[in-house]
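The values are calculated or read from the model by the stated rules, or taken from the named source; none is laboratory data. From a predicted model like this one, the values you see are computed outputs, not experimental measurements. Every residue, glycine among them, receives a Cβ derived from its backbone with ideal geometry; neighbour counts consider all protein chains shown. Note: accessible area is taken over every heavy atom of the protein model, side chains too, but ligands, DNA and RNA are not part of it. Shrake-Rupley method; radii C 1.70, N 1.55, O 1.52, S 1.80 Å.
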Amino acid sequence: MLKVGVIGTGMIGQDHIRRMTQVLAGVRVTAVSDVDGSVAASVGARVGAAVFETGEALIASPDVEAVVVCSWGPTHEQYVLAAIAAGKPVFCEKPLATTAEACLRIVEAEAASGSRLVQVGYMRRYDAAYRALKAVLDGGEIGTPLMMHCAHRNASVPGFYEKEMAITDTAVHEIDMVRWMFGEEITGVRVLVPRRSANGGQLQDPLMLVLELADGVLVDVEISVNIRYGYDIRGEIVGENGTASLGSLSPVHVRSAGRSSDPVPADWRERFLRAYDIEFQEWIDSLRAGGQPVGPSAWDGYAAAVVSDAGVLALRTGEHVPVVLADRPKLYAAEVTAPRPVASGGAA
Ligand code: NAD
Ligand code: ISE
């Protein structure tokens, strides 16, 4: 059994604890911690885990072999760095950290440790619909990709959600998905601001993010975070010879009273339920087998943060913002977005 300690026992922390204690195999939640001690105490009592006053004390516990960080984004860096310093594998919910500089500090600490310890919670890579879409793209059936249209719609967001979180907290999922889907880095960003929805209060809601990839593919992402009707995630790739899109996810289609309808998920917990299960089971299995994590890396977390920082600047200025990454350490050389070897005979 892999002994896991969870820092942050709010919404997603409790959901991941539920899956680790009730759904998945080979794992035991031995420790929890939250800045809100009463929440940690009630979650710890429910699952029989020790409660630690600080995340650092949890990381140092001999009864914790691997760490899961589910606290607020601005606190991720301190806990991920502490886990790296302790030599313990750490699964960090997205975003890896809230600025590119903080993510780079994590990349540098991990690279200096010489082995992969960090995995970031970009779960779309584990979703059956996104995996099927990538298989069609990679199979060549729709030809060379030219564009992708995405929509990321939340029914509502919590009161602490701020304007720029539409990019740093929400569209950051598409930013990671696009790098993985196309195996290319994002090189530039624009943000377009349409008419404002009255549902969004002070937020600029919706927004349209346009991502430019190194090979010329353009991706537009509609971000609506107060759309009321449900949680709706869409994606359609346009290729030279066809299109491919995420299919209907509903197991049932209802026709009644002169209407035809599909249910819409309420939120991310329902829509990505299986993706989170697979993401965690693969993480647990890789660590129990004595290996390193193979899911989204600290480099992926860093690259997504550079793009989302560029998106925030594009939102503030209305300008096109180029994306420039630091040099990629050797530790991450084998990843899907690693530069491709130049074909022998030189460039065309
Ligand atoms: P939440 O507010 O429900 O829970 C966060 C918890 O962290 C709270 O209980 C809070 O008390 C605790 N916390 C805050 N500062 C802390 C600190 N310094 N030390 C320990 N605990 C601290 O938020 P949430 O919705 O569960 O989101 C948590 C993280 O998960 C965020 O980074 C968010 O972006 C991410 N998230 C990811 C997904 C996904 O689809 N992968 C979905 C939701 C949230
Ligand atoms: C939340 O933090 C998530 O990660 C969800 O997947 C996303 O849809 C939502 O917009 C974020 O706030």
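Summary table below
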quantity	calculated
Highest-fluctuation residue, 140, 183, 159 considered, GNM on the chain with Cα pairs under 10 Å	159
Note, ³J(HN,Hα) from phi for segment 183-198, Karplus 6.51, -1.76, 1.60, rounded to Hz, x at Gly and Pro	x, 9, 7, 8, 10, x, 9, 10, 10, 10, 10, x, 3, 7, 6, 5
Set of aspartates and glutamates with alpha-carbon distance to residue 3 below 20 Å, sequence-local pairs under 8 removed	15, 34, 53, 56, 63, 65, 93, 277, 279, 282, 285
Estimated vicinal HN-Hα couplings, Hz - segment 32-41 in sequence order (Karplus 6.51, -1.76, 1.60; Gly, Pro = x)	9, 7, 7, 4, 8, x, 6, 5, 4, 4
In Hz, Karplus ³J(HN,Hα) per residue of segment 100-113 (6.51, -1.76, 1.60; θ = phi - 60°; x = Gly, Pro)	4, 4, 5, 5, 5, 4, 5, 4, 5, 5, 5, 4, 5, 6
Convex hull volume per residue for segment 60-133, taking Cα atoms only, in Å³	111
Relative contact order computed over the chain (Cα-Cα under 8 Å; 6+ residues apart), in percent	20
Paramagnetic label zone (point 7 Å from Cα along Cα-to-C-beta, residue 234; backbone N under 18 Å) in segment 257-299	260-268, 271
Accessible solvent surface per residue of the chain, calculated while the other protein chains remain in place, 1.4 angstrom probe, Å²	45
Heavy-atom accessible area order for 168, 30, largest first, 1.4 Å probe	168, 30
Proximal aspartates and glutamates relative to residue 330, as straight alpha-carbon distance under 18 Å, when same-chain residues fewer than 8 apart are discounted	108, 110, 184, 185, 300
Helix-derived mean residue ellipticity, 222 nm - over the chain, DSSP H n ≥ 4, -39500 (n - 2.57), to 500	-10000 deg cm²/dmol
Candidates 94, 330, 134, ranked by Gaussian network fluctuation over the chain, Cα under 10 Å, top entry	330
Of all accessible heavy-atom area on segment 234-348, the percent that carbon and sulfur account for (1.4 Å)	53
P(r) weight above 39 Å for the chain, C-alpha pairs, percent	14
Residue-level accessible surface for residue 138, protein heavy atoms, 1.4 Å, Å²	100
Residue among 321, 191, 252 with the largest mean-square fluctuation in a Gaussian network model of the chain, springs linking Cα atoms under 10 Å	252
Contact order relative to length of segment 165-274, as percent, for alpha carbon pairs under 8 angstrom and 6 or more apart	17
